[in-house]
Amino acid sequence: MDMNAFSLKGKIAWITGASYGIGFAIAEAYAAAGATIVFNDINQELVDKGLKAYGEKGIDAKGYVCDVTNEEAVQALVKKIEEEVGVIDILVNNAGIIRRIPMIEMSAAEFRKVIDVDLNAPFICAKAVIPSMISKGHGKIINICSMMSELGRETVSAYAAAKGGLKMLTRNICSEYGEHNIQCNGIGPGYIATPQTAPLRERQADGSRHPFDQFIIAKTPAARWGTPEDLQGPAVFLASDASNFVNGHVLYVDGGILAYIGKQP
Ligand code: NAP
Ligand code: GCO
């Protein structure tokens, strides 16, 4: 086998919401594999934060302000990227939000906001890049799914509905555009230590671990939270030619959570 199949040399990768966290880690890995990095975030402050962070890693990333829920803005951004950088070969739909609210206390507006960012926006961004991928004869779309693409839990109804939908959007893009040599797959991270999960890991007043932290440790065979770096290898694989016959799949990178009933208390 030619191990260059795992290289991203000469490829342009757009990772949404990638100023920090999982998106940043994936972009860092893609740069190491040879890709040109393009990212966006919701405001200039975050984009500047990202540009500084990429620069400190020696990565010449291109950063843009764009709200991925705004189809007009996304269409304009893709056109600008194609003019300034080139045609996008790899799209990672990473931008996301979560609102942890019991369903009967959640407003419809709050529910819609989560669906808008976590499901509608991946549709909008994929729709914006697919035509040029078809013209170019290849493309990779990677949707960042979740344990909640498979499981529910209290207070995350909107997020689970969105991430479950994102799994099916992944399968549908595969179905509709696979004949154009476009592969659309998902990554389903387990519980990863990022700002998004920080509230679930906060130390208690007495210095003990957060109950949810202890719960996740007991539910994970690896007996630890994941790190954004744990996602880098799977993300490079799904963006590379090494996965050209992998399509419509969600690769769970969860330390074994989905396979495990959990350690007896
Ligand atoms: P994060 O810390 O919340 O980062 C998400 C990024 O997306 C932030 O920079 C955020 O900006 C940005 N964003 C939010 N709304 C946006 C919009 N409308 N337009 C553009 N950018 C927007 O999340 P993370 O933990 O790195 O997770 C990244 C992805 O992985 C998300 O899709 C999340 O659902 C998923 N995920 C996370 C975990 C985990 O355990 N951390 C596990 C499974 C899946 P702001 O900072 O302004 O919000
Ligand atoms: C939560 C967490 C999870 C993680 C991730 C798990 O409140 O349960 O935020 O949803 O973010 O999605 O895969």
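Determine whether region 174-192 contains at least one residue that is open to solvent by 20 Å² or more (accessible area, probe 1.4 Å), hydroxyl-bearing (Ser, Thr, Tyr) and in contact with a Ser or Thr (Cβ under 7 Å, 6 or more places away or on another chain). Yes, region 174-192 contains a residue that is open to solvent by 20 Å² or more (accessible area, probe 1.4 Å), hydroxyl-bearing (Ser, Thr, Tyr) and in contact with a Ser or Thr (Cβ under 7 Å, 6 or more places away or on another chain).
Within region 235-250, residues that are open to solvent by less than 20 Å² (accessible area, probe 1.4 Å) have Cβ atoms under 7 Å from residues that are in a loop (DSSP other than H, G, I, E, B) and not hydrophobic (A, V, I, L, M, F, W, C) in these pairs: 240/7, counting only partners at least 6 apart in sequence or on another chain. Selection of region 160-214 for residues being within 13 Å of ligand 1 (Cβ to nearest atom) and without any contact (Cβ under 8 Å) to a residue 24 or more places away in the chain yields 160, 164, 198, 200, 212, 213.
Residue under question is residue 23, and the condition is that it be modelled with pLDDT of 95 or more, among the small types (Gly, Ala, Ser) and surrounded by fewer than 21 Cβ atoms within 10 Å (Cβ to Cβ); does it hold? The answer is no for residue 23.
Would you say residue 90 is within 14 Å of residue 13 (Cβ to Cβ), in contact (Cβ under 8 Å) with a residue 40 or more places away in the chain and within 15 Å of ligand 1 (Cβ to nearest atom)?
Values: within 14 Å of residue 13 (Cβ to Cβ): yes; in contact (Cβ under 8 Å) with a residue 40 or more places away in the chain: yes; within 15 Å of ligand 1 (Cβ to nearest atom): no.
So residue 90 does not fit the description; no.
Taking the conditions (1) in contact with a Ser or Thr (Cβ under 7 Å, 6 or more places away or on another chain); (2) farther than 26 Å from residue 111 by Cβ; (3) within 13 Å of ligand 1 (Cβ to nearest atom) in turn, residue 85 satisfies each one other than (3).
The values are calculated or read from the model by the stated rules, or taken from the named source; none is laboratory data. Since the structure is predicted, the reported quantities are computational estimates derived from the model, not experimental observations. Quick reminder, even Gly has a Cβ in these numbers, built from the backbone with ideal geometry, and neighbours come from all protein chains shown. Remember, those area values only see protein heavy atoms, side chains included, never the ligands or the DNA or RNA. Shrake-Rupley method; radii C 1.70, N 1.55, O 1.52, S 1.80 Å.
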